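The values are calculated or read from the model by the stated rules, or taken from the named source; none is laboratory data. Here the structure is a predicted model, which means the values were calculated and not measured. Note that each Cβ is placed from the backbone with ideal geometry, even for glycine, and that neighbours are counted across all protein chains shown. Side chains included, ligands, DNA and RNA excluded: accessible areas come from the protein's heavy atoms. Shrake-Rupley method; radii C 1.70, N 1.55, O 1.52, S 1.80 Å.
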Amino acid sequence: WVSWTLTCYSILLLYSRTRRTETFLLTMIAYILFTVLAVLPVLLFWKNPYIMSDLKFAMTVLHIGIKYSKITRKFYSILDCFMEKVSEHPQKTFLVFEGSSYTYSQADKESNKVARALLTHANLKEGDTVALFLGNEPYYVWTWLGLAKLGCVSSLLNYNIRSKSLIHCFSCCEAKVVITSAELCGAIEEVLPTLREQGIRVFVLSEKSDVEGIESLSDKIQQASDQPLSPQLRANVNLKSPMLYIYTSGTTGLPKAAVINHGKVWRASFLQYMIGVQSSDVIYLYLPLYHTAGFLMGFSGAIERGLTIVLRRKFSVSNFWADCRKDNVTVIQYIGEIMRYLCNTPKRDNDKDHKVRLAFGNGIRGDTWNDFLDRFGNIRICECYGATESNIGFVNYVGKVGAIGKEHFLHKRSYPYALIRYDTEKEEPVRDARGFCIEVPEGETGLLVSKIGEQTPFSGYAKNKQQTEKKKLKDVFVKGDLYFNSGDLLRINEGFVYFQDRIGDTFRWKGENVATTEVADHLLAVDFVEEANVYGVKVPGHEGRIGMAALKLKENMDFEAKSIYDHVKYFLPSYARPRFIRIQDSVAVTGTFKQLKVKLAEEGFNPNIIKDPLFFLDDSKGYIPMTKEIFDSILEGTLKL
Ligand SMILES: *[C@@H]1O[C@H](CO)[C@@H](O)[C@H](O)[C@H]1NC(C)=O
């Protein structure tokens, strides 16, 4: 650019020496024109330093848009995409698992066998739902592929749930068949009478079964042919047909089955493409396949890219990097507290010795982000935001520390969204005199809502009209419009999107909103704190909730009341300081490594109930051990909070 501009200038300079007036005038005009052209990129760059990334991202998004519109015109499923990859590179490794590896062609054949066994022995037909009650293992993948080949819907059950919740999950999706593994069969046996009453057939992935009502499947798979199945078996499947049910746990109540149709599978699977994953990459997949992050973002995204997948049964902090090294992993996924766990391990000399170049996921906090880069080297971190059932997502494609996404004009055009003012006390959006919601100004926290439309549908929860309706918000900006209520409080600053809190997590104290993640961030900055879980607890006779924190301390370190008090006092306004601190050996997390708060909040701050070390913030003395006397005087109201 610079050399081109200089050349133009020198040519003009030669011309401007002539005496003829019209030539001189023309030269001057050209001068001005070139100057504007030369300065424009500098100006643009000054206005937006991310312009190159923005343009590159826009190109990718446009490309995906074209691809998706092709899919909408002539239906093509993620299974078709898989089969295409099989014919493109049959001998490429598709899956690596516990020392064994399987090529694309082998995966295709294995899934043909599963499909044939199920076709013959379970009488499955297009549109039937089959529940998978399996841990991460190759048969999870073969079975799912096999079911897709039959045009069946897979219901991805969380294998940690038992009894009543398990039965509830079956009735949500109306599964006809359940497939489980030998290790998990016990949990199914517990509910077998109910399953049999409902006419649900149970298959176990083993050679034989001695339990009445549980049929073996492995022997049937071995006997089945690996020849391709006719596409006629799934002829009626289209973009709107459900492909999966994925259960979202939420913080309370029974799991809800989000309906994931083929359109949604595609939109989620494009994430890896969007953030620059290439077909030569190797992805490490340890997140449970029964969740959106593992299945859609990780697994089916990898199929879309035609990757090699290194599958692991479960997350293991001690084997993480060894696994990555052994199998030449280049892309990792993270969620919730995972990145912190990795940073909390003892430092090693070979921390930077690996091929990982990209990490994507959701939930990394700012301080961990910096620690991680320092520790493990030059890895591009791509923080993304989205939820299983939601119709909106953000991607922080420029790696701005702390942000969950970057706004993009193309994105805003195709996915209309807004942050609206929210009343945490009444737990509902604030409405103006005419009854409409109010968009918050830039920099202020608001509830994310996104418009429900043809391109941005919300498929809701299976057999749960009430919960589905609860996620919809009507008459938001004009009469009759319909938005999806994300339940997340976000903030947008200079085009970057920041996560503030979940609706239920933010609490109010003394008329002020307290964002639990923000308080936790400050507590984590204290040197002896390894993990921090912040929540609000009810105090009799007081409005709102008062702050409490459950902390896990670093190994061989003690709770130092003075240093944490000094820190909290300096960084947090009085209403946001945790009034109670509870020390735990471990901080409880969900299957997706998100912290559990509800149970802790219910336990409150009663020293008669809580056996963990408990501290109380005394305004004059700082953190002191909580006693029965303090507890009683709080209840009596003699001790003012
Ligand atoms: C990993 O890469 C190295 C060097 O490129 C190669 O020698 C090795 O075979 C690879 N390992 C696997 C499991 O692909």
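Based on Cα contacts under 8 Å between residues 6+ apart, the chain shows a relative contact order of 8 percent.
Mind checking the dipole of the chain: about its Cα centre, +1 per Lys or Arg Cβ, -1 per Asp or Glu Cβ, Debye to the nearest 20?
Values: 79 positive and 72 negative charges, 404 e Å.
Using Cβ point charges on Lys, Arg, Asp and Glu, the chain gives about 1940 debye.
Taking the charge dipole of region 443-517 about its Cα centre, with +1 at Lys and Arg Cβ atoms and -1 at Asp and Glu Cβ atoms, the residue from 480, 447, 468 reaching farthest to the positive side is 468.
Below 8 Å between Cα atoms, with a sequence gap of 6+, how large is the relative contact order for region 64-385 in percent? Write out the running numbers ahead of the final one.
Details: 578 pairs, mean separation 51.6, N = 322.
Once normalised by length, the contact order is 16 percent.
Can you pull the percent of the chain's accessible area that's carbon plus sulfur, 1.4 Å probe, other chains left in place? Roughly 54 percent, rounded to a whole number. The residues of the chain have, on average, 47 Å² of accessible surface per residue, using a 1.4 Å probe with all protein chains present.
Residue 609: accessible area at probe 1.4 Å, nearest 10 Å²? Number for this one is 110 Å². Shape class of region 67-137 from the alpha-carbon gyration tensor: oblate, with a/c at 1.5 or above and b/c at least as large as a/b. Measuring spread by the Cα atoms of the chain yields a radius of gyration and Dmax of 28.2, 106 Å. Residue 562 exposes around 140 Å² of accessible area when a 1.4 Å probe is run over every protein chain in place. Binning the C-alpha pair distances of region 460-607 at 5 Å intervals from 0 yields a P(r) profile of 2, 8, 15, 18, 18, 15, 10, 7, 4, 3, 1, 0 %, listed from the shortest bin outward. Beta-bridge orientation, the chain: approximately 60 percent antiparallel, per DSSP, counting only bridges with both partners inside. Here the dipole of region 416-502 is about 520 debye; that uses its Cα centre as origin and unit charges on the Cβ of Lys and Arg (positive) and Asp and Glu (negative). Think of the chain as having a plus end and a minus end, set by charges on the Cβ of Lys, Arg, Asp and Glu; of 8, 141, 567, 8 sits farthest toward the positive end of this dipole. When the charge dipole of region 257-339 is built from unit charges on Cβ atoms (+1 for Lys and Arg, -1 for Asp and Glu) and taken about the Cα centre, the candidate among 293, 324, 275 whose Cα reaches farthest toward its positive end is 293. Hydrophobic, long helices, defined as DSSP H runs whose alpha-carbon span along the helix axis is 24 Å or greater and whose mean Kyte-Doolittle value is at least 1.0, occur in the chain at 21-47. Rolling a 1.4 Å probe across all protein chains gives residue 414 an accessible area of roughly 60 Å².
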